[in-house]
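Reviewing the structure listed below.
The values are calculated or read from the model by the stated rules, or taken from the named source; none is laboratory data. Everything numeric in this text was worked out from a predicted model, so none of it was measured. Quick reminder, even Gly has a Cβ in these numbers, built from the backbone with ideal geometry, and neighbours come from all protein chains shown. Just so you know, the surface numbers come from the protein's heavy atoms only, side chains and all, with ligands and any DNA or RNA stripped out. Shrake-Rupley method; radii C 1.70, N 1.55, O 1.52, S 1.80 Å.
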Amino acid sequence: MPIPAVSKIWMDGEMVDWQDATIHILTPTLHYGWGVFEGVRAYETARGPAVFMHRAHMERLHRSARILQMEVPYSVDELMAATRDLIAVNELQSCYIRPLVYLGYGEMGLNPLPSKVSVSIAVWPWGTYLGDEGLLNGVRAKVSSWQRIGTNMIPTGAKAAGLYINSSLAKVEALKAGYDEAVLLNEHGRVAEGSGENIFVVKDGVLITPPLSEGVLQGITRDAVVTFARDQDIPFVESPLLRQDLYLADEAFYTGTAAEVVPIRSADDREIGAPGPITKQLQDLFFNVVKGKEAKYDWMLDHVSQ
Ligand SMILES: Cc1ncc(COP(=O)(O)O)c(C=O)c1O
């Protein structure tokens with residue numbers, strides 16, 4: 001489905017008309033993938049639109065850029081203010097938000113350092129990523145033949161544009177095989193993450209997710225879910241997971257800004273089953289929090305009209 005057009009896109013400090021938000025064909029990021037981005041969501045609340053974990057996303061954008069030695073010409077606060085303005089200008093109640101730090105037109109070549117660093121932020125209305133049915137009843141996951149790229153190949157702690165070739169290869173393979181989403185194993189053969197999601201399992205009442213040292217992105221939804229679990233007294237550990245741990249899980253789910261909290265109902269055709277109690281508890285809490293229905297977690301929301 002094409003991206004639904006809205007009125008404005010923010011580019012290097014300017015509100016540009018949607019149809020004029022273009023870049024030159026010789027923009028180096030387009031050729032070599034040297035750029036970093038974020039995926040953020042704003043949700044409709046009783047107080048108007050609010051961005052979930054806004055500061056954490058913009059801080060991760062800065063960290064990603066730092067890993068790639070790109071100096072972002074805007075502070076975290078400036079990017080947050082620009083995003084709030086953009087949502088207001090486009091009169092959106094909820095949306096997906098895509099900040100991008102890229103190398104602008106100028107130099108070309110494999111040394112990115114001399115190129116000018118530019119920033120854009122786009123917003124548009126966006127529904128569920130893995131489908132309403134997936135949110136409700138769970139998705140079918142397939143372990144990919146594509147390995148998660150190793151952190152000494154491309155640093156996995158950076159949400160780098162070029163890294164997503166790895167994710168897309170896995171996603172396409174899973175879809176073509178009739179599954180909803182992929183599970184990528186890392187270079188050691190252990191469970192890393194989905195193509196654009198972190199992964200959790202529940203075994204004997206304990207919530208488990210692989211540690212960051214397994215080469216997974218430090219997901220902001222992952223961090224939020226861990227906070228919820230701790231506050232709900234759900235036992236939680238970070239632990240490496242084998243492929244068979246997925247097969248034998250009592251419950252499993254993906255977390256991500258796009259996917260939100262999505263139950264996994266089977267892995268490689270091994271039935272995990274309908275969403276279990278811990279998955280449902282965390283999923284319900286997540287949706288209540290993002291919609292501003294949990295005063296305790298209002299700190300996770302950045303309200304557009306302040
Ligand atoms: C590879 C990968 N893992 C995990 C995630 C989940 O991260 P977050 O919850 O911050 O969206 C994403 C999405 O950003 C991702 O692309």
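Please state which of the following conditions residue 262 fails to meet, knowing it meets all the rest: (1) out of contact with any helix residue (DSSP H, G or I) (no Cβ under 6 Å at 6 or more places or on another chain); (2) open to solvent by less than 10 Å² (accessible area, probe 1.4 Å); (3) among the β-branched types (Val, Ile, Thr).
With respect to (1) out of contact with any helix residue (DSSP H, G or I) (no Cβ under 6 Å at 6 or more places or on another chain); (2) open to solvent by less than 10 Å² (accessible area, probe 1.4 Å); (3) among the β-branched types (Val, Ile, Thr), residue 262 is out only on (1).
I'm trying to understand the selection: among the residues of the range 164-188, which are without any contact (Cβ under 8 Å) to a residue 60 or more places away in the chain and open to solvent by less than 40 Å² (accessible area, probe 1.4 Å)?
166, 167, 170, 171, 174, 179, 182, 184, 185, 186 - these are the residues of the range 164-188 that are without any contact (Cβ under 8 Å) to a residue 60 or more places away in the chain and open to solvent by less than 40 Å² (accessible area, probe 1.4 Å).
Say whether the condition of being over 26 Å from residue 162 (Cβ atoms) and open to solvent by 50 Å² or more (accessible area, probe 1.4 Å) is met by at least one residue in the range 31-44. Outline the logic, then answer.
Keep residues of the range 31-44 that are over 26 Å from residue 162 (Cβ atoms), which gives 42-44.
Then keep just the ones that are open to solvent by 50 Å² or more (accessible area, probe 1.4 Å); that gives 44.
Scanning the range 31-44, I find at least one residue that is over 26 Å from residue 162 (Cβ atoms) and open to solvent by 50 Å² or more (accessible area, probe 1.4 Å), so the answer is yes.
If you check 259, 229, which single one turns out to be within 14 Å of the ligand (Cβ to nearest atom), under 24 Å from residue 51 (Cβ atoms), of a type in the set (A, V, I, L, M) and touching a Phe, Trp or Tyr at 6+ places or on another chain (Cβ under 7 Å)?
Numbers: 229 fails: within 14 Å of the ligand (Cβ to nearest atom).
Selected residue: 259, the only one of 259, 229 that is within 14 Å of the ligand (Cβ to nearest atom), under 24 Å from residue 51 (Cβ atoms), of a type in the set (A, V, I, L, M) and touching a Phe, Trp or Tyr at 6+ places or on another chain (Cβ under 7 Å).
Per-residue answers, yes or no, for (1) more than 17 Å from residue 163 (Cβ to Cβ); (2) out of contact with any helix residue (DSSP H, G or I) (no Cβ under 8 Å at 6 or more places or on another chain):
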{"position": "191", "(1), (2)": "yes, no"}
{"position": "195", "(1), (2)": "no, no"}
{"position": "200", "(1), (2)": "yes, no"}
{"position": "207", "(1), (2)": "yes, no"}
{"position": "214", "(1), (2)": "no, yes"}
{"position": "217", "(1), (2)": "no, yes"}
{"position": "223", "(1), (2)": "yes, no"}
{"position": "229", "(1), (2)": "yes, no"}
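Is it the case, given these coordinates, that residue 187 is within 11 Å of residue 253 (Cα to Cα) and charged (D, E, K, R)? Steps first, answer last, please.
Numbers: within 11 Å of residue 253 (Cα to Cα): no; charged (D, E, K, R): yes.
The answer is no for residue 187.
Would you be able to say whether some residue in the range 190-202 is within 12 Å of the ligand (Cβ to nearest atom), open to solvent by less than 10 Å² (accessible area, probe 1.4 Å), among the aliphatic types (A, V, I, L, M) and closer than 19 Å to residue 143 by Cα?
Yes - at least one qualifying residue is present in the range 190-202.
Filter the range 91-150 down to the residues that are assigned to a loop (DSSP other than H, G, I, E, B) and hydrophobic (A, V, I, L, M, F, W, C), then identify the one that is farthest from residue 246 (Cα to Cα).
Looking only at the range 91-150, we keep the residues that are assigned to a loop (DSSP other than H, G, I, E, B), and these are 91-94, 104-116, 125-131, 138, 144-150.
Going one step further and asking which of them are hydrophobic (A, V, I, L, M, F, W, C), we end up with 92, 108, 110, 113, 126, 130, 146, 149.
Numbers: 92: 39, 108: 44, 110: 40, 113: 42, 126: 30, 130: 19, 146: 17, 149: 20 Å.
Taking the candidates together, the pick is 108.
Residue by residue through the range 59-93, note down the ones that are under 15 Å from residue 121 (Cα atoms), open to solvent by 30 Å² or more (accessible area, probe 1.4 Å) and not acidic (Asp, Glu).
Residues satisfying the conditions are 62, 73, 74, 75, 81, 84, 88, 89.
Could you pull out the residue among 254, 247 that is away from the ligand (no atom under 16 Å from the Cβ) and hydroxyl-bearing (Ser, Thr, Tyr)?
On the way: 254 fails: away from the ligand (no atom under 16 Å from the Cβ).
Answer to the selection: 247.
Here is a list of conditions, (1) touching a Lys or Arg at 6+ places or on another chain (Cβ under 8 Å); (2) more than 16 Å from the ligand (Cβ to nearest atom); (3) among the polar types (S, T, N, Q), and residue 64 meets all of them except one; can you say which number that is?
(2)
Could you please find all residues in the range 205-218 being within 21 Å of the chain's Cα centre (by Cα) and either in a loop (DSSP other than H, G, I, E, B) or among the hydrophobic types (A, V, I, L, M, F, W, C) (or both)?
We begin by selecting, within the range 205-218, every residue within 21 Å of the chain's Cα centre (by Cα); these are 207-218.
Within the range 205-218, 207, 208, 210, 211, 212, 215, 216, 217, 218 qualify.
Between 205, 150, which is open to solvent by less than 40 Å² (accessible area, probe 1.4 Å) and more than 14 Å from the ligand (Cβ to nearest atom)? So that I can check it myself, show each step before the final result.
Details: 150 fails: more than 14 Å from the ligand (Cβ to nearest atom).
Unique residue meeting the criteria: 205.
Surrounded by fewer than 21 Cβ atoms within 10 Å (Cβ to Cβ) and touching a helix residue (DSSP H, G or I) at 6+ places or on another chain (Cβ under 7 Å): which single residue out of 251, 294 fits that description? Step through it out loud before you land on a result.
Details: 251 fails: surrounded by fewer than 21 Cβ atoms within 10 Å (Cβ to Cβ).
It is 294.
Can you find, within the range 265-291, the residue that is surrounded by the fewest Cβ atoms within 10 Å (Cβ to Cβ) among those that are farther than 29 Å from residue 177 by Cβ and of a type in the set (D, E, K, R)?
Checking each candidate, the answer is 284.
Restricting attention to the range 208-221, which residues are more than 21 Å from residue 142 (Cβ to Cβ) and within 13 Å of the ligand (Cβ to nearest atom)? Step through it out loud before you land on a result.
If we filter the range 208-221 for residues that are more than 21 Å from residue 142 (Cβ to Cβ), which is where we start, we get 211-213, 218, 220-221.
Selection gives 212, 218, 220, 221.
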